[in-house]
1. Of the residues T181, T193, T139, which is among the hydroxyl-bearing types (S, T, Y) and either open to solvent by less than 60 Å² (accessible area, probe 1.4 Å) or within 20 Å of I61 (Cα to Cα) (or both)?
2. Quick check on this structure: which one of S98, S134 is surrounded by 13 or more Cβ atoms within 10 Å (Cβ to Cβ), free of Cβ contacts under 8 Å to residues at least 40 places away in the same chain, closer than 30 Å to T49 by Cα and in contact with a helix residue (DSSP H, G or I) (Cβ under 6 Å, 6 or more places away or on another chain)?
3. Please work out which residue is modelled with the lowest pLDDT, limiting yourself to segment 71-82 and to residues that are loosely packed, with under 15 Cβ neighbours inside 10 Å and in contact with a strand residue (DSSP E or B) (Cβ under 6 Å, 6 or more places away or on another chain).
4. Filter segment 45-78 down to the residues that are under 27 Å from L176 (Cα atoms) and β-branched (V, I, T) and list them by number.
5. Can you report the number of residues in segment 161-176 which are more than 24 Å from A87 (Cα to Cα) and touching a strand residue (DSSP E or B) at 6+ places or on another chain (Cβ under 8 Å)?
6. Could you check how many residues of segment 14-60 are hydrophobic (A, V, I, L, M, F, W, C), open to solvent by less than 80 Å² (accessible area, probe 1.4 Å) and free of Cβ contacts under 8 Å to residues at least 24 places away in the same chain?
Amino acid sequence: MEAPIYIYYQLDNYYQNHRRYVKSRNDMQLRNKAAEGDLGNCFPEDKTTDTNQPIVPCGLIAWSLFNDTYRFLTSNKDLTVNKKNIAWGSDQRSKFGSNVYPKNFQSRDLIGGAKLNESIPLSQQEDLIVWMRSAALPTFRKLYGKIETDLEMNDEIEIVIENNYNTYLFGGRKRLVFSTTTLIGGKNPFVGTAYLIVGGLSLFCAITFILLYVIKPRPLGDPSYLSWNRNPGGIK
């Protein structure tokens, strides 16, 4: 596998597209420090229980941030994982403020997922940015990082997993995926499957219509009934 090698975590049976979950965030608060107290749609993860202070970032999406960690070794040497530039640049620039810092995050009794470094602005918390681009389907992958050295044939990779994220409670599953890209992007079996299904349906319809035309053709209309044939001289 030639570098860069992309590492994804995959979650199954996880409905990030649930209406209440998708709405549980406040985009103004994520962008602007002055909107720190803007907590619309964030309940129940909006304020601290004891001091009633606003939580930044608020809402269930941020609160449930994925927190499994991975370490990769080959030949007893650590493989460095680059976690920079894993988020969409447009998200970093326009959706998350460079002057907005985490505050009171994961400070309540019930912890949902990973904690955030309060000295780093949200625009640089790329794990959070990747997670908060909510998925449309219950099975999805999100980018964890990149290995920027080639992996040779027969290399053995040891993976040390810190299993923190509780998917067992709702019957979910977790997977770890290594992938590379080509000039046309990474592997996406959904697009190929969709093309095959649509193409097959189109072919079936085309064959069906041809058989109907051959077996029971529709008679052509008599052109003598056309208005310009009924009145060739143009006289009304």
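1. On the way: T181 fails: either open to solvent by less than 60 Å² (accessible area, probe 1.4 Å) or within 20 Å of I61 (Cα to Cα) (or both); T193 fails: either open to solvent by less than 60 Å² (accessible area, probe 1.4 Å) or within 20 Å of I61 (Cα to Cα) (or both).
Testing whether each residue is among the hydroxyl-bearing types (S, T, Y) and either open to solvent by less than 60 Å² (accessible area, probe 1.4 Å) or within 20 Å of I61 (Cα to Cα) (or both) leaves just T139.
2. Details: S134 fails: free of Cβ contacts under 8 Å to residues at least 40 places away in the same chain.
Result: S98 is the single residue among S98, S134 that is surrounded by 13 or more Cβ atoms within 10 Å (Cβ to Cβ), free of Cβ contacts under 8 Å to residues at least 40 places away in the same chain, closer than 30 Å to T49 by Cα and in contact with a helix residue (DSSP H, G or I) (Cβ under 6 Å, 6 or more places away or on another chain).
3. Kept after step one, since they are loosely packed, with under 15 Cβ neighbours inside 10 Å, are these residues of segment 71-82: 71, 73, 75-78, 80, 82.
Retained after the next criterion (residues that are in contact with a strand residue (DSSP E or B) (Cβ under 6 Å, 6 or more places away or on another chain)): 71, 73, 82.
On the way: R71: 92, L73: 89, N82: 92.
Top of the filtered list is L73.
4. I61, T69, T74
5. Within segment 161-176, residues that are more than 24 Å from A87 (Cα to Cα) and touching a strand residue (DSSP E or B) at 6+ places or on another chain (Cβ under 8 Å) number 1.
6. Number of matching residues: 3.
The values are calculated or read from the model by the stated rules, or taken from the named source; none is laboratory data. Predicted model only: the values in this text are computed from it and were never measured. Please note: Cβ atoms are built from the backbone with ideal geometry, for glycine as well, and neighbour counts cover all protein chains shown. The accessibility values were calculated without ligands, DNA or RNA, using every heavy atom of the protein model including side chains. Shrake-Rupley method; radii C 1.70, N 1.55, O 1.52, S 1.80 Å.
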